[in-house]
């Protein structure tokens, strides 16, 4: 696990859109992230967040779940309609409804408030690594340019996925998950392995993240392609 | 499904089951009706045959008496010797015709008729055997018919007892499911006629509804409290991280950390108390989970592993339990803290004064720590460890080592790795 710092050259700082209604959190998290070299734009409610998202280019979205007006889950869904930008949700309620609906709406990962800046930055980096890992070309898999699984074709160089010849738009985490499966075709991968390899979590990771991302991936590449092995995990059908 | 069949069979064989009580009641009622009808029919038939017997005897006596009056000679078929007559007949006032049913010989009964003519008693007797036999045949038929009716009614009653029995079993099954935590379980009474079983069913259903409502309210409240506490706490934590380094900053950060731990622990306990937690099982290598848990804690602990321990458990909750136990050993005990993983058992011990007797007797109590350690912790860590152990179906026990030191033993539910 090389500790890739988000590509923070002076020319192109990584831009984070922070949508959070609590003013203190918005200010302090913004300041803390700026110390780590990120450029932060922030909004205090969902609709402003959506406007800011549409106006500019953002490398990552950091969304609170409870927001006035358009809430974090609704905002996440609206963003996903047009964009595959990495989305990290923050939830203070910590009940599973928040977590599950956020991930279902298309978020890549979630953190529970309160979160240390160091942990938040680690999650952001992990997510950005997934988004930019074609550039960081030291990750698996490298068996050949095109992998074919039934009607599914994965171009591992261009990082494009085609189903029946039509391109499928995958969010970074979904793509990273699919590549993890593709590197181990026909082998059952348990949730803990996927959590570690795709999300950079240890044993304390929440395996619902895996389940919900697999669900989203299935919707895009066909439900039968990824098989559930009850009690163990998932495998990609050849 | 199999369990249902076994339960149904057990119900069938249980002599105390409602089914057999209903069957016994129906059988008793049938027997009582048969007995009453039988007695009435027997009595009326007997009375009728008596009347017929009297009439026949009187008809036979009439000509004999007439002849005697006319000629002074009695028919030789009649009886004139008073010694041959039943004494009870002679005791009657025989100025008019008297009758006596003579059943002194039970197989051959006689009907006597007698009249006194000028002080001379003349009697005739008629054999009543055929009447007796037809009465006996009638009794036999009544008994046979009753038995035939019982043979039909008893199985019918057993069958008729099945639908209410099945409904009652469903009530019991649903109540057990609710007790096991499935608060969505309902019996359902829609479209049923109102009877006692529908009453109890809807009572159980509304009880489950009320329970669920209360639990949901409590969960919502806990989640709202969590939100209200964590939001300012997160601002505080992030702000304290932005402060310039100084001694005062360290103090602030330390207290913020204490506050954070306390809030998280309280929220965790309220979630555990609400019973809303469910384990997220996975087959994991125990040694790795424990090792990482200790490492992340940043505390010293000597880890010994026997064999290649694997368990089917919830790794996040296991991580919480181990971290809380190790942290507790450091806070209240003395190093070295030892963590031993053997099979599905994890033993954590320290070399301090051991658990206080109160804890060993009553288990961990929130906000009650030994007087000597007051101010060091809130007694929440062990409560949480115990609660989480319950959620993952593990057994957590506390004892003191004979040579001093507190020992916490966590026994996970055993399961071996399915392949190799």
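The values are calculated or read from the model by the stated rules, or taken from the named source; none is laboratory data. Everything quoted here is computed from the prediction, not taken from an experiment. Every residue, glycine among them, receives a Cβ derived from its backbone with ideal geometry; neighbour counts consider all protein chains shown.
Quick grid of which residues meet (1) over 29 Å from residue A:115 (Cα atoms); (2) touching a strand residue (DSSP E or B) at 6+ places or on another chain (Cβ under 8 Å):
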{"residue": "B:262", "(1), (2)": "no, no"}
{"residue": "B:298", "(1), (2)": "no, no"}
{"residue": "B:313", "(1), (2)": "no, yes"}
{"residue": "B:316", "(1), (2)": "no, no"}
{"residue": "B:363", "(1), (2)": "yes, yes"}
Residue A:29: passes all of (1) away from chain B (no Cβ under 14 Å); (2) modelled with pLDDT of 90 or more but (1)
For residue A:194, the lone unmet condition from (1) within 19 Å of residue A:122 (Cα to Cα); (2) assigned to a loop (DSSP other than H, G, I, E, B) is (2)
Taking the residues in segment A:155-169 that are loosely packed, with under 11 Cβ neighbours inside 10 Å and within 20 Å of residue A:218 (Cβ to Cβ) as candidates, determine which candidate is nearest to the chain's Cα centre (by Cα). A:166
Can you find a residue that is in contact (Cβ under 8 Å) with a residue 12 or more places away in the chain, within 25 Å of residue B:117 (Cβ to Cβ), in the same structural domain as residue B:132 (by TED's automatic domain parsing) and not in a helix (DSSP H, G or I) anywhere in segment B:56-76? yes
Taking residue B:207 as meeting all but one of (1) at pLDDT 85 or above; (2) surrounded by 12 or more Cβ atoms within 10 Å (Cβ to Cβ); (3) not in a helix (DSSP H, G or I), write down the number of the exception. (3)
So which residues in segment A:61-94 are outside any strand (DSSP E or B) and within 18 Å of residue A:38 (Cβ to Cβ), if there are any at all? A:85, A:86
Considering segment A:102-129 alone, what residues qualify as being assigned to a helix (DSSP H, G or I), within 11 Å of chain B (Cβ to nearest Cβ) and surrounded by fewer than 18 Cβ atoms within 10 Å (Cβ to Cβ)? A:118, A:119
Return yes when residue B:295 is outside any strand (DSSP E or B), exposed (fewer than 15 other Cβ atoms within 10 Å of the Cβ), at pLDDT 85 or above and at the interface with chain A (Cβ under 10 Å from one of its Cβ atoms) and no when it is not. yes
For the condition touching a helix residue (DSSP H, G or I) at 6+ places or on another chain (Cβ under 8 Å), on the phi < 0 side of the Ramachandran plot and surrounded by fewer than 19 Cβ atoms within 10 Å (Cβ to Cβ), what is the one hit in A:44, A:49, A:72, A:56? A:44
Looking at residue B:222, is it out of contact with any helix residue (DSSP H, G or I) (no Cβ under 7 Å at 6 or more places or on another chain), surrounded by 12 or more Cβ atoms within 10 Å (Cβ to Cβ) and within 14 Å of another protein chain (Cβ to nearest Cβ)? no
Report whether or not residue A:147 is surrounded by fewer than 17 Cβ atoms within 10 Å (Cβ to Cβ), modelled with pLDDT under 80, in contact with a helix residue (DSSP H, G or I) (Cβ under 9 Å, 6 or more places away or on another chain) and more than 14 Å from every other protein chain (Cβ to nearest Cβ). no
Residue that is farthest from the other protein chains (Cβ to nearest Cβ) [pool: residues in segment B:272-281 that are surrounded by 17 or more Cβ atoms within 10 Å (Cβ to Cβ) and out of contact with any helix residue (DSSP H, G or I) (no Cβ under 6 Å at 6 or more places or on another chain)]: B:281
Condition set more than 43 Å from the chain's Cα centre (by Cα), at pLDDT below 85 and farther than 16 Å from residue B:379 by Cα, scope segment B:307-348, selection surrounded by the fewest Cβ atoms within 10 Å (Cβ to Cβ): answer is B:307
Would you be able to tell me the number of residues in segment A:180-197 that are at pLDDT below 85, closer than 23 Å to residue A:105 by Cβ and away from every other protein chain (no Cβ under 11 Å)? 0
For segment B:102-115, indicate whether the set of residues that are in contact (Cβ under 8 Å) with a residue 60 or more places away in the chain, outside the structural domain of residue B:390 (by TED's automatic domain parsing) and touching a strand residue (DSSP E or B) at 6+ places or on another chain (Cβ under 6 Å) is non-empty. yes
Within segment A:11-21, how many residues turn out to be within 12 Å of chain B (Cβ to nearest Cβ) and buried (at least 20 other Cβ atoms within 10 Å of the Cβ)? 2
Farther than 18 Å from residue B:49 by Cα, surrounded by 15 or more Cβ atoms within 10 Å (Cβ to Cβ) and in the same structural domain as residue B:52 (by TED's automatic domain parsing), is that true of residue B:89? yes
So if I check each of B:193, B:185, which one is in a loop (DSSP other than H, G, I, E, B) and surrounded by 15 or more Cβ atoms within 10 Å (Cβ to Cβ)? B:185
Pick from segment B:349-364, criterion without any contact (Cβ under 8 Å) to a residue 24 or more places away in the chain and surrounded by 13 or more Cβ atoms within 10 Å (Cβ to Cβ), ranking: nearest to residue B:334 (Cα to Cα): B:356
Check off (1) surrounded by fewer than 17 Cβ atoms within 10 Å (Cβ to Cβ); (2) free of Cβ contacts under 8 Å to residues at least 24 places away in the same chain; (3) within 13 Å of chain A (Cβ to nearest Cβ) for residue B:237 and give me the number that stays unchecked. (1)
Subset of segment B:103-120 (residues that are at pLDDT 85 or above and in a strand (DSSP E or B)): B:110, B:111, B:112, B:113, B:114, B:115
Does residue B:175 fit the bill of being modelled with pLDDT under 85, touching a helix residue (DSSP H, G or I) at 6+ places or on another chain (Cβ under 7 Å), part of a helix (DSSP H, G or I) and farther than 30 Å from residue B:41 by Cα? no
